[in-house]
Amino acid sequence: FPFIGYRNDELYVEECAVKDIGNSVGTPVYIYSKAAFEYWFKEFDGAFDEVERITAFAVKSCSNLAILRLLSELGAGADTVSAGEIFRTITAGIPSEKIVFAGVGKREDEMEYALSCGILMFNVESEDELDVLNSVAEKLGKVARIALRVNPDVDPKTHPYISTGLKTSKFGVDIERAYDIYLKAKNLKFVEPVGVHFHIGSQITDVSPFDEAAGKVADLVKVLRDKGIEIEYFDAGGGLGINYKPDEEVPSAKSLAEKIVPYVKELGCKLITEPGRRISGNSGILLTKLLYVKRNDRKTFYIVDAGMNDCMRPSLYNAYHHIVPVVRGDSKEIVDIVGPVCETGDVFAFDRKIGKCKKGDYLAILSAGAYGFTMASNYNSRLRPAEVLVFEDRFSIIRDRDSFGDLIKGEKFFNR
Ligand code: LLP
């Protein structure tokens, strides 16, 4: 993994020994590499350099202000799904004219907020939403720029929970219905169709579904233009997968670009992409400490101080995360790596062969930069981890570990 790897059997993030960060900040802690973020952003954004574009980072994958600031300095826009994400994004310095707002269930107050911020466009996901947006915009005396999120009905061949472009999914509108809805939008006074949007799923490791989807959507754009609906933005969503194992091969961003760019060029549109995981996933790790080793006649358990509340992906999707000892030795053993949460599902790995560790050793859960901290919760009243950003040989805490005060913030006793 670029910028995250061993030097003489000790794990480093850039020039920082991970062990030193653990000793200084405590565990569990998310550790991100600035250089890795830059590397992955440029790999993705650079692949599309033939066309005018906005690379709108999917904020849901990793939303710390310092990370968003870093990406804004690289020229990123943002793909957001709530008023809260828009707030974060703007606070971090990403210009509002590079923000798109998706989501099947936008509330009116969120629409008002987004309109008042002057975001680039709303990715509208239903006819009902279109009507509500029109009336909210009227109330504010504004015109909402929109793209319709269309559902091209292609199978991205990924985990069912993160497939979003099939007819059976709640997202977007059927591509066959899109034409009628665009005509309706064109006749509404306070919305202006300026784009088209699709997003077929996440952790996609075969680029052909993108080709199929982009082709279908490009055909729609041609039909719309014949009817005088000028589509300026072609928003191809996110979803490009990453390697979760060190030796796994996944498509390059360039190979994705080769599928999408020809359509965009032919249409003369501006391209929007919404990569999340591809940029953040392999830019961060979750550092945890081995609390106890428990052996019985069937199993050896490594009980670590991170739990499913800190990193949900293994429990929720049965997702594979590579886990390595921070200081590696020669002997290995087969273990279950489990968290402290009172749930049988609080397991990071079953029957995993891993470098042998003892009580007090650090372990790193790799590829944890995307959908790691952002999906963390306080379940079991656990304090969410700190977040640290590494830059060369320096590191800085970019979010404090939760405190007891954070845990009960806003709670009140019943007031008679
Ligand atoms: N655009 C839209 C409209 C999305 O819904 C998503 C992700 C993205 C972009 C970014 O997708 P990415 O490039 O990161 O694949 N929690 C799950 C992933 C959920 C993805 C939701 N939507 C996981 O941990 O695998």
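Table for the structure above
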{"read-out": "Residue list for the stretch 278-327, restricted to those being within 16 Å of the ligand (Cβ to nearest atom), more than 15 Å from VAL341 (Cα to Cα) and in contact with a strand residue (DSSP E or B) (Cβ under 9 Å, 6 or more places away or on another chain)", "value": "ARG278, ILE279, SER280, ASN282, SER283, GLY284, ILE285, LEU286, TYR320, HIS321, HIS322"}
{"read-out": "Complete set of residues in the stretch 168-191 that are of a type outside the set (Asp, Glu), assigned to a helix (DSSP H, G or I) and out of contact with any Pro (no Cβ under 7 Å at 6 or more places or on another chain)", "value": "ARG177, ALA178, TYR179, ILE181, LEU183, LYS184, ASN187"}
{"read-out": "Verdict on ARG382 being assigned by TED's automatic domain parsing to the domain that holds VAL25, more than 16 Å from the ligand (Cβ to nearest atom) and of a type in the set (Lys, Arg)", "value": "yes"}
{"read-out": "Considering residues of the stretch 346-382 that are among the basic types (Lys, Arg) and part of a loop (DSSP other than H, G, I, E, B) only, the residue nearest to the chain's Cα centre (by Cα)", "value": "ARG382"}
{"read-out": "Some residue of the stretch 128-136 being in the same structural domain as TYR233 (by TED's automatic domain parsing) and assigned to a loop (DSSP other than H, G, I, E, B)", "value": "no"}
{"read-out": "Answer residue from the stretch 77-93, given it is among the hydrophobic types (A, V, I, L, M, F, W, C) and within 12 Å of the ligand (Cβ to nearest atom) and is surrounded by the fewest Cβ atoms within 10 Å (Cβ to Cβ) among those", "value": "VAL81"}
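Every residue, every condition in (1) basic (Lys, Arg); (2) assigned by TED's automatic domain parsing to the domain that holds ILE231; (3) farther than 29 Å from SER252 by Cα; (4) not in a loop (DSSP other than H, G, I, E, B), yes or no:
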position	(1), (2), (3), (4)
GLY103	no, yes, no, no
ASP109	no, yes, yes, yes
ALA114	no, yes, yes, yes
LYS139	yes, yes, yes, yes
VAL150	no, yes, no, yes
VAL154	no, yes, no, no
PRO193	no, yes, yes, yes
ASP206	no, yes, no, no
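The values are calculated or read from the model by the stated rules, or taken from the named source; none is laboratory data. All values reported here derive from a predicted model rather than from experimental measurement. With ideal geometry, Cβ positions are generated from the backbone for all residues, glycine too; neighbour counts draw on all protein chains shown.
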